[in-house]
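The values are calculated or read from the model by the stated rules, or taken from the named source; none is laboratory data. None of the values given here were measured: they were computed from a predicted structure. These area figures cover heavy atoms from the full protein model, side chains too; ligands, DNA and RNA do not enter into them. Shrake-Rupley method; radii C 1.70, N 1.55, O 1.52, S 1.80 Å.
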Amino acid sequence: MIFQSKVQKQNHSTAGEFVQLMEDLRVTKGALDRAQSNFEQVNDPALVDCYIYELKAAQMRYQFLLRRVKQYGV
C-alpha cells in the first residue's frame, strides 16, 4: 500500500513536470520567434550582436527543452 502511493505520487510528479516542460517549451518558442523577428528588423549595427546572442540563447534553450520532451517518449 505504501509502495503504491509512492508510485502514484511519482507519476503525478512526472505528469506535473511534463506539463511544466511543455509550458516552458511554449514560452521559449515565443522568445525564439521574437528574437528572430528582432534580428531581422534591426537597423542599428550596434544591436546586431545583441540580437545574435539573444537568438542563439533562445535556440539552445529550445533544443534543450525538445530533448527533455523526447525523454518522455513524445
### Net length gained if the chain between V42 and F64 were fully extended (0.36 nm per residue, minus Cα distance)
5.2 nm
### Task
Please calculate the 1.4 Å probe accessible area of M60, with all protein chains present, and give it to the nearest 10 Å².
110 Å²
